[in-house]
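The values are calculated or read from the model by the stated rules, or taken from the named source; none is laboratory data. Everything numeric in this text was worked out from a predicted model, so none of it was measured. Positions of Cβ are generated from backbone atoms using ideal geometry, with glycine treated the same way; all protein chains shown enter the neighbour counts.
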Amino acid sequence: MNTVQVKGSNEHTRVGKIVCIGQNYAAHIKEMKAEIPTSPVFFLKPTTALVPDGGEVVLPAISHDVHHEVELTVLIGKDAKNVAENSAMQHVAGYGVGLDMTMRDVQNEMKKKGLPWTLAKGFDTSAPVSSFVSSKLVPNPEALTLQLNVNGTTRQHSGTNDLIFPVSKLIAYISQFVTLEKGDIIFTGTPQGVSQVKSGDTLDATLSDSKGAILASLSVHIR
């Protein structure tokens with residue numbers, strides 16, 4: 001998988017960078033026993049991490065504790081470099097739902113040693129993503145609801161109004177240092193409720209509007 005689509009469009013957009021935000025919900029920061037950052041913390045995943053709706057996440061043999069992290073995803077529609085926060089939303093093509101699969105045991109070991117998180121976060125199939133709903137249909141991305149069910153049981157449920165750094169702030173901040181290009185995807189951070197997945201699990205994620213209508217959905221199987 002190297003392209004994504006905005007619903008209602010015939011265009012298949014080639015994915016470039018996958019920029020992921022860490023520590024962007026206070027309750028998740030608390031459950032991870034971390035500190036609230038003063039500016040966005042971001043890292044990258046390769047495009048080989050992408051998995052489409054209906055696909056499979058393959059658990060790496062080196063980990064015994066892979067966690068799910070459901071997130072609002074943002075598809076960049078036009079290049080952004082040093083953009084102002086008040087114009088950042090002009091660069092968004094659409095919104096979706098994604099999973100930042102994380103080898104938690106590997107990540108914790110890297111944190112102890114002060115090493116990068118790339119292995120823990122960027123392994124193949126670590127970034128399932130849904131199709132995207134046009135940004136024209138989402139007047140306020142901070143008024144949405146994320147939910148993740150594992151084998152039919154809700155594990156994560158939160159409003160994007162709890163984001164510490166909203167989408168406009170993320171785009172403005174990232175674009176100071178890394179040019180965002182058409183086809184890049186931003187994972188905006190996960191709320192509380194992250195936990196372990198096992199082979200055979202089915203993960204169903206949804207992004208809903210303020211009235212409860214589902215805007216985007218994603219279902220993947222764990223192998």
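Brief remarks follow.
- In the stretch 80-88, the condition of being assigned to a loop (DSSP other than H, G, I, E, B), touching a residue at least 40 places away in the same chain (Cβ under 8 Å) and either under 27 Å from G54 (Cα atoms) or in contact with a strand residue (DSSP E or B) (Cβ under 9 Å, 6 or more places away or on another chain) (or both) is met by at least one residue.
- Residue list for the stretch 134-148, restricted to those being in contact with a helix residue (DSSP H, G or I) (Cβ under 8 Å, 6 or more places away or on another chain), crowded, with 20+ Cβ neighbours inside 10 Å and within 13 Å of T190 (Cα to Cα): L146
- Matching residues, the stretch 153-186, being farther than 19 Å from K45 by Cα and in contact with a strand residue (DSSP E or B) (Cβ under 8 Å, 6 or more places away or on another chain): T154, R155, Q156, H157, S158, G159, T160, D162, L163, I164, F165
- Selection of first residues in the stretch 176-187 that are among the basic types (K, R) and of second residues that are at pLDDT 95 or above and buried (at least 24 other Cβ atoms within 10 Å of the Cβ), restricted to Cβ pairs under 8 Å at least 6 apart or on distinct chains, gives the following pairs, ordered by first then second residue: K182/I76.
- Taken as a whole, the structure leaves L99 outside the set of residues that are closer than 19 Å to D209 by Cα, touching a residue at least 24 places away in the same chain (Cβ under 8 Å), surrounded by fewer than 17 Cβ atoms within 10 Å (Cβ to Cβ) and out of contact with any Gly (no Cβ under 7 Å at 6 or more places or on another chain).
- Cβ separations smaller than 6 Å between residues 6+ apart or across chains give the following pairs from the stretch 12-35 residues that are within 12 Å of F187 (Cβ to Cβ) to residues that are acidic (D, E): K17/D184; C20/D100.
- Within the stretch 150-205, the set of residues being in contact with a Lys or Arg (Cβ under 7 Å, 6 or more places away or on another chain) and either assigned to a helix (DSSP H, G or I) or farther than 23 Å from R14 by Cβ (or both) comprises S175, G193, S195, S199.
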